[in-house]
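Student: Okay, here's the structure, questions in a sec.
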Amino acid sequence: QGLRQISQRTISTASRRQIENRVPEKQKLFQEDNGLPVHLKGGIMDALLYRVTMGLAVFGTVYVVYELLGASVPKK
């Protein structure tokens, strides 16, 4: 009985809170022709995330090549 009341209360309060639909404004932002690639249209955080990702990818590639070169040279 108590469990049913809790679940009904949770469902009824959740339906009262309406989440604002921001899809149209996001569509407008991403469809805007401003010369930016789509992965950078989100703003400063997108640019930061892109640069960090590219930096890690370059670092990882250089490190793997370094390790491969080190493994290919026989130890003295």
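Student: Checking Ile19 against (1) loosely packed, with under 10 Cβ neighbours inside 10 Å; (2) at pLDDT 90 or above; (3) part of a loop (DSSP other than H, G, I, E, B), which single condition isn't satisfied?
Tutor: Of the numbered conditions (1) loosely packed, with under 10 Cβ neighbours inside 10 Å; (2) at pLDDT 90 or above; (3) part of a loop (DSSP other than H, G, I, E, B), the odd one out for Ile19 is (2).
Student: What number of residues within segment 22-38 are under 16 Å from the mean Cα position of the chain (by Cα) and either charged (D, E, K, R) or open to solvent by less than 90 Å² (accessible area, probe 1.4 Å) (or both)? Show your work before the answer.
Tutor: Step one: of segment 22-38, the residues under 16 Å from the mean Cα position of the chain (by Cα) are 26, 30, 37-38.
Within this subset, residues satisfying the condition of being either charged (D, E, K, R) or open to solvent by less than 90 Å² (accessible area, probe 1.4 Å) (or both) are 26, 30, 37.
The qualifying residues number 3.
Student: Also, I was wondering about something else. Does Arg4 satisfy the condition of being open to solvent by 90 Å² or more (accessible area, probe 1.4 Å) and modelled with pLDDT under 95? Please lay out each step first, then the result.
Tutor: Working: open to solvent by 90 Å² or more (accessible area, probe 1.4 Å): yes; modelled with pLDDT under 95: yes.
When the stated conditions are applied, Arg4 passes them.
Student: If you scan segment 59-76, which residues turn out to be in a helix (DSSP H, G or I), open to solvent by less than 100 Å² (accessible area, probe 1.4 Å) and not polar (S, T, N, Q)?
Tutor: The initial filter retains those residues of segment 59-76 that are in a helix (DSSP H, G or I), namely 59-72.
If we keep only those that are open to solvent by less than 100 Å² (accessible area, probe 1.4 Å) too, we end up with 60-62, 64-65, 67, 70-72.
Correct list: Gly60, Val62, Val64, Val65, Glu67, Gly70, Ala71.
Student: Please give the number of the condition Met45 fails out of (1) modelled with pLDDT of 90 or more; (2) loosely packed, with under 10 Cβ neighbours inside 10 Å; (3) more than 16 Å from the chain's Cα centre (by Cα).
Tutor: For Met45, the failing item is (3).
The values are calculated or read from the model by the stated rules, or taken from the named source; none is laboratory data. None of these values were measured; they are calculated from a predicted model. Here the Cβ is made from the backbone with ideal geometry for all residues, glycine too, and neighbour counts use every protein chain on show. These accessible areas exclude ligands, DNA and RNA; they are computed on the full protein's heavy atoms, side chains included. Shrake-Rupley method; radii C 1.70, N 1.55, O 1.52, S 1.80 Å.
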